[in-house]
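Everything below concerns the one structure shown next.
The values are calculated or read from the model by the stated rules, or taken from the named source; none is laboratory data. Bear in mind the structure is a predicted one, so any value in this text is a computation, not a measurement. For neighbour counting, all protein chains shown are included, and Cβ atoms are generated from backbone atoms with ideal geometry for every residue, glycine included.
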Amino acid sequence: MATMLKSPPKKKSLKKIRAAKSPLDFFGWAKIISATPEEVEVAWNDLKRRNLVSARQGKVDISAEAMVRARSDVQRRLASHLSGYELTENSYIVRYAGPPPPGLPMILNTRIYVEYIANYFRGGWGVADIQRDLPQLKPEQIEAAIQYYLNHREEIERDIQRSIEIYEENLQRQQRMGTWEKLMKR
Amino acid sequence: MGKAHEALNNRLFAKLMFDCMFSAELAQSISDEGFDVTEARQHPLEIQRNDYALLEKAVLERRALITCNCSDPKSNFCVIHDEWLRSGKTH
């Protein structure tokens, strides 16, 4: 009886396995940030050498400092993409990236929105006063937010108005639910 | 902590964590009144800049998170809170 010999399963090349497991998608990132894959690889390697990015267990980790310490425009765009931010024309002001609607402009790495700083500024506060209130901010970050407000006054005024409306809606909702009374009974 | 503060804390029902958009002076004033207050800005940047990490931290420390982030479609604590409850987590 003829014995059917099964051919051993083909081994995937190590290169392919590595490529499949690697979270480094230089081609994909290049397309998103409008650079070449080679430029992206160079940018990645320099950020990695300075411990600002790493790839472990199929996941990319990026330091909060990466965007500030980026040495080139490609590095900055790559760091921004990997951090989940969208850049604006001002290097300290970003938005959360993602499908529309766009995120609101905020100071990089702080979750402090331009509208908060605009509120201080509209109230006549100077940079030093604002910094006393929000000591984690550097003067240049506050100045950047004020500059952004002055250049996009209509947009930020709209954001402020929207926040006021949300606050009032929530206040009415809490009043209807009797939240305060419930808390006081605890 | 002085005796007055201790006595006051015994009758307060919530420990607080102020998000980073709140004034340091406000947090200090409330703390001076005897409330148990921490601030987001005291935590590492990785926590400060991430809504979810901040909420996790507040829950871990059993604190109420005081925030103004509810108007950005991409970073909205009203939405995050609903997601939190839907996933079966409590606080």
Scan the stretch B:16-41 residue by residue and report those that are in a helix (DSSP H, G or I), out of contact with any Cys (no Cβ under 6 Å at 6 or more places or on another chain) and within 13 Å of chain A (Cβ to nearest Cβ). B:Ala24, B:Glu25, B:Leu26, B:Ala27, B:Gln28, B:Ser29
Here's a check for you: in the stretch B:53-86, which residue that is modelled with pLDDT under 90 and among the hydroxyl-bearing types (Ser, Thr, Tyr) is farthest from A:Ala66 (Cα to Cα)? B:Ser71
The stretch A:96-186: helices (runs of 4 or more DSSP H) wholly inside it with 2 or more residues that are modelled with pLDDT of 90 or more and under 25 Å from B:His43 (Cβ atoms) are A:114-122, A:127-133, A:139-151
How about the stretch B:32-71: which of its residues are of a type in the set (Asp, Glu) and either over 12 Å from the mean Cα position of the chain (by Cα) or farther than 27 Å from A:Glu155 by Cα (or both)? B:Asp32, B:Glu33, B:Asp36, B:Glu39, B:Glu46, B:Glu56, B:Glu61
Residues of the stretch B:49-73 classified as within 28 Å of A:Glu168 (Cβ to Cβ) and in a helix (DSSP H, G or I), total: 6
Any residue in the stretch A:74-92 that is hydroxyl-bearing (Ser, Thr, Tyr), surrounded by fewer than 16 Cβ atoms within 10 Å (Cβ to Cβ) and modelled with pLDDT under 95? yes
Take the stretch A:108-128 and flag every residue that is more than 8 Å from chain B (Cβ to nearest Cβ) and within 10 Å of the chain's Cα centre (by Cα). A:Leu108
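Quick check on my filter: what residues within the stretch A:95-138 are in contact with a Cys (Cβ under 8 Å, 6 or more places away or on another chain), surrounded by 19 or more Cβ atoms within 10 Å (Cβ to Cβ) and over 20 Å from B:Lys74 (Cβ atoms)?
Step one: filter the stretch A:95-138 for residues in contact with a Cys (Cβ under 8 Å, 6 or more places away or on another chain), giving A:110-112, A:116, A:134, A:136.
Keeping just the survivors that are surrounded by 19 or more Cβ atoms within 10 Å (Cβ to Cβ) gives A:110-112, A:116, A:134.
Matches in the stretch A:95-138: A:Leu134 only.
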